[in-house]
1. Roughly how tilted is helix C:234-250, in degrees to the nearest 10 and between 0 and 90, from the longest Cα axis of chain C?
2. Please name whichever of A:F44, A:A232, A:G114 sits farthest to the positive end of the charge dipole of chain A, dipole taken about the Cα centre and charges placed at Cβ: Lys and Arg +1, Asp and Glu -1.
3. Classify the protein assembly as shown from the C-alpha gyration tensor, please: rounded if a/c falls under 1.5, else prolate or oblate depending on whether a/b exceeds b/c.
4. Anything in chain A that counts as a DSSP H helix reaching 20 Å or more along its axis (C-alpha) with Kyte-Doolittle mean of at least 0.0? List them, would you?
5. On C-alpha positions alone, give me the angle between the axis of helix C:2-20 and the longest principal axis of chain C, in degrees, nearest 10.
6. Pairs of alpha-carbon atoms within less than 8 angstrom and 6+ residues apart define the contacts here; what relative contact order does chain B have, in percent?
7. Past the 32 Å Cα-Cα mark, which pairs from C:K166/C:K284; A:K75/A:K145; A:K255/D:K33; C:K165/D:K96; A:K70/A:K194?
8. Would you mind computing the Rg to Rh ratio of segment A:1-158 from its alpha-carbon coordinates, Kirkwood style for Rh?
Amino acid sequence: MTEALVVTGTNLGVVISLALIAGGVIWLLVRSLKGKEVERRVIFGFVLIAVSAPILFPITFHEQISPVVKAVFDKIESLPAGSTVAISFDFDPAMAPEVQPMANAFTRHCFAKGHKVVFLSIWATGQSLLTSTLDTVVRREFPEKRERIDWVNLGYKAGNQGVLNVIVSDLRKMYPTDVNAVPLDSIPMLAEVKAFRDLSLILAVGGGFPGPKEWVLYVGDPGNVPIAAGAAAVTAPQLYPYYPRQLIGILGGIKSAAEYESAMVDKYPQFDSVDKPGLRMMGPQTLAHMVIMMFIIIGNIVFFRSKRMRSQL
Amino acid sequence: MKREVPLFITFFVGTLLIASVFIPPAESWGENFSVYFDIIAVFAFFLGGGNLLRIHLQKVASKRPDWGYSIVTLVAFLVMLAAGLFKLGNPGGISGNLTTAQSWFQILFQNIMSPLGSTMYALLAFFVASASYRAFRAKNRDATILLVAAFIILLGRTPFGTMLTSWIPPQYDLLQVPNLAIWIMSGPNLAGQRAIMIGIGLGIVSMSLRILLGIERTYLGDDR
Amino acid sequence: MLFRVAIAFACLFIIAGVAGQPAGDTALAVQQTIAPVTSLIATNHEYDNGTGIDLIWVPSIDDRLAPSRVTGYEVWRSVVGGSGSRIAELPAGANKFTDEQCSRESTYVYSVVAISVAGNAVSISTAPIQPAREWINLHRLNLLAIAFLVSAAVIYFIQSARSGKKLFVRKIAGLDAVDDAIGRATEMGRPILFIPGIQDMDDVQTIAAITILGRVSRVVADYDTKIKMPVSRSLVMTAARETIKASYMAAGRPDAYNDDMVSYVTDEQFGYVAAVDGIMVREKPATCFYLGAFFAESLILAETGNSVGAIQIAGTAMPAQIPFFVAACDFALIGEELFAASAYLSNEPKQLGSLKGQDVGKAVALVVIVVGTMAATIGSAWDVTFMNQLWSALKVVFQTN
Amino acid sequence: MESGLMHHVALWLAAFLTLGIFSFLYRDNTWYKVCEAIFVGISAGYWFVAYFWDNLYTKFWVGVWVTPMADRPDDWYVLYVGAALGILMLLRLVPKVGWISRWPLAFIVGATAGLYLVTYFASNVMLQIEDTVRPIFGAENDAPIYEIIGNIVVAVGTFTGLIYFFFSKEHRGAFGRAAKVGIFFLMITFGASFGYTVMSRMSLLIGRMDFLFSDWLKLIK
């Protein structure tokens, strides 16, 4: 399984920035061989360059879909067309670069399969991000999908896990109306959705509290509804104990988002032209990882050098 | 009275909520608690917000160092309060949706609070790097294990990890770095997480009992 | 209304099917339509507040063909003396459904409609049924029993410690350092910073943090160190003030207490972090405590604290943040240790007794893991009936919900 | 929606604030202090407004005044209890009866302790134990070798990890060695989680740099 390193964009810029990083690392290596500590600001500078350079001169890599991600993709594929799926936007602007690409990919996938989608948020800050997905994905790419027939926006409700605790058995108690104050009883697509346990799938996108874990504890387990998580990479490890029984699949971080985007394009070539932030961000991501690994190595060299020097004294 | 009533309330409410889990007609009590809590939290904010105002007003009044920044905080706080409570700029007026795009509240959130929050969060990228440099050193056995696990996972999350070990034949594919990374996440990592989770669960049981039985009461300002 | 029409149609189909079987033309029609579900039974959903009714049925014969001719099922409910409505749509292959939207005051009749491209088939209706409510959820009896067992162990050891029995408690490194860390701040004349996490008082970790604050502030009051505690929740501010004030009273120096030791900053996670970072670089605390529920800010705080040269003692039960504290702080309390901390610091026998009590819970867990894993492995590998029984018994006992 | 000028002002403002926070990495400075002061003020206001409308207005006011009697849930009057507790909280401002504010505090702490006791015991203890108990060779005896190793590792790791947490037994002898193995597993867990997180944190920075380069400076499309 050899993966080709596909280098695109301004090659000269790529070469220059890589040379800059490599040169700096060699300089640091020489310094550290003398047992000198690196100042914090130097580290900060390296991170800045490693992230900025690939944004200015893009590098992209090909992504292979991993089983935990594929499980989510296959679940959405296997639901009969017309199933009702919920996507919950439980994140804030700060987390958005990482998880919003997942929410967007989920939305595209559900609509491409002809599912009906319930959008909601249990984070106060998730509401405006939800609106942005509605504007940039739903209304722009799927103008034929009608609000309240093919999708509905329930908006935000305060109360954290309390909200989940209620909607699992009674949606209307918490959400008498959708975000535009239209009573749920007059919304055709929700006629049979009395509670969240009536849904075919819940895609919990988020990473803090409340997040996918609370969806599992308060909705998935008691309501026996399949739940898939789109999580920030930092929370993904804690979700592994719930996989595969309580969570059908997990997307963790931008790498999983990139994998999902690759899978989407493989299956639905019409999405090749849309923005794929996951794949786009993997370049800077990879370079930043390399830089951090360099620093771990340098840190250890400094450590062993100074230990030797101390023992010689 | 000052001491006994709060202890009784703690015991009574706690026991009631424990019982409610096992009594179907009482299942909604837990939900009701979250409603109570939300309402109490609003009232409590009058104390917190009042404290914020008082501290900064005092700083300005006594012209302590950096008092200029206190003015900035006060203005920002009051502007946001006014914009939100009176729903300024909202086409629907006071009964309109708080987060409509045209309302001042939303504009302030979008253009000031949101970039500030994202940037503060983004600082983490730098701190992760400096912490890795500092902490991932093979100082002793424990630190070495930490270092090795972290390094494998880091490598496994990049295409380089794939390239580095793609020569390993398929029957030993576990040794390929990305697979090894996944295995660490679902094997040893899972084990550690479980031990921590079980411990936390038991720790909560024990602490909750100490609180309900009134043995632990420092939170009530009762230190004997 | 629709319901009755549907039934009428279904009856027509069945009559047409039965009557027309020998005739060639109608036989075609019979082939196209499908068989209804059979053996539909409604029973009261156990152990609820009288809101649920369970339905089970045998799927239509046509659902067992491959590919199935049934595209799905609809569940219809009618209140006796009222109208009927469709309450659920289920995929093909479904054979049960729980209606949890019932009222204790009503009596219901259910039927299931098998849907196919060629037409629908309605089942025979169930007998009228009224949901009943139960007062005790026997499904959770195992949870009750095991939780009771562990709680009883905790209470037993608290009592036995109270009666003067000597208890051993192992050292917890981070907590042994508390006194030294506060002493260091006193010597340097710099403040100590106490961060109780960013959650409100409805999080048990925040409560744990406040109980530890009670012990820490007692030492602070004795040493006359400066303490600074910016908080992100108003209720936490109130509770923390009560706690510190009580410590100063207990130390006999109520006059040294001042409300400004605890100040509210903002509820916003990163707004709070921005302010705390500012406090750290400007006031250069000698010691920082981070105890409670933390999220992404854990590392921002710990790295900034490190850059100003503070001794840092951290503890959280947030699994995702423990690694950062372990890597970036001088001492870290891992998960359970956070909840044990106030008991450990108090050094009171009855508090320490509770730690021994929770160890009983761990012992039970260890035994179940060993016995269960062995039973499951032996049982499934060599098909030993007794082992399999033991395994499934343990599974039942530890199942929740 | 926004006029051209407004858009530019907003863009430059966001860039100003972004760079201001970043400047903290170099050192504490006036620019950062201004951003910090704005952030604290705006966000404290934001949360109060959110609490006010979502909790006090929507949950309480609408619940006890606006909703018609017929549409109220059976237990609507419980809302008054919440408000009463809230008002008791405010009594703190009256020095003579300030001690009454401990009541709502006691209420919250008691309820939290009670709720967490059962829910965490069920989800953290019972469920995790049940999940750990599984056949090492797989349910069908067909697990590949790495899965068998994985199962053994999970069982042993959970077991020894728990031993590390024992408080009332000295970590000596065989018990001490088991605890050492437990720490070994915990360290792998911490290292793995940390490594995993690096990824997540980088994405956030990439998001901000993307804003600076493409939205603000328009260097890339």
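Please treat every number below as a calculation from the coordinates, not as lab data. Owing to the predicted nature of the structure, the values given are computational and were not obtained by experimental measurement. Quick reminder, even Gly has a Cβ in these numbers, built from the backbone with ideal geometry, and neighbours come from all protein chains shown.
1. 40
2. My answer, from the dipole projection, is A:F44.
3. rounded
4. Result, helices passing both filters: A:11-33, A:40-56, A:277-312.
5. Taking Cα atoms only, the helix is inclined about 40 degrees.
6. On the way: 118 pairs, mean separation 32.8, N = 224.
That works out to 15 percent.
7. Exceeds cut-off: C:K166/C:K284; A:K255/D:K33; C:K165/D:K96.
8. On the way: Rg = 21.9 Å, Rh = 19.4 Å.
Computed over Cα atoms, the ratio is 1.13.
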